[in-house]
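What follows is calculated from the coordinates using simple rules that are stated; it is not laboratory data. Computed from a predicted model, the values in this text were never measured in an experiment. Note that we place each Cβ from the backbone using ideal geometry, even for glycine, and neighbour counts take in every protein chain shown.
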Amino acid sequence: MKTKVVFHVNRDDQESLLIALGNMENLLKVVPPEEAGVYLLSNGKSVKLFQRDRASEYASTVKSLSEKGVHFLVCNNSLNKFGIKPDELIEVCEVVPAGIVELIKLQSEGCAYVKP
């Protein structure tokens, strides 16, 4: 059985993001990446945390997790609200039309929900 989980961040709070990244690293130490479906969904003010110019402290961790199969999903509605262009984000981020819709979809597909 595949382990499926979505981590949800929605505040401009670097500490919560770092907790989520640490949780994902720990998860992938126990569950092999090929047996995991791991997502981080960013909406609301948290989309600001994924701007390259703000993410120097943790961008390498995000990229490393992405290489292990973690999907970093960023809400387009929130990007528009805060005037952020997708090309300003860390390269591995995937823009989804509406974060809340994606969150519901992932949970309906069996993802556990984690709110760091």
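A few notes on this one:
- Residue count for region 23-56 satisfying the condition of being within 12 Å of VAL114 (Cβ to Cβ) and either in a helix (DSSP H, G or I) or touching a Pro at 6+ places or on another chain (Cβ under 9 Å) (or both): 4.
- Pairing residues of region 53-74 that are without any contact (Cβ under 8 Å) to a residue 12 or more places away in the chain with residues that are in a helix (DSSP H, G or I) and surrounded by 15 or more Cβ atoms within 10 Å (Cβ to Cβ), at Cβ distances under 9 Å and at least 6 apart in sequence or on separate chains, gives ARG54/GLN14; ARG54/LYS48.
- For region 64-81, residues that are over 11 Å from the mean Cα position of the chain (by Cα) and surrounded by 13 or more Cβ atoms within 10 Å (Cβ to Cβ) total 8.
- Checklist (1) touching an Asp or Glu at 6+ places or on another chain (Cβ under 9 Å); (2) without any contact (Cβ under 8 Å) to a residue 12 or more places away in the chain; (3) not polar (S, T, N, Q) applied to GLY37, failing item: (2)
- Count - residues of region 77-107 that are without any contact (Cβ under 8 Å) to a residue 12 or more places away in the chain and either over 20 Å from ALA55 (Cα atoms) or not in a helix (DSSP H, G or I) (or both): 5
- Residue match in region 10-20 (condition: touching a His at 6+ places or on another chain (Cβ under 9 Å), surrounded by 14 or more Cβ atoms within 10 Å (Cβ to Cβ) and closer than 13 Å to GLY99 by Cβ): no
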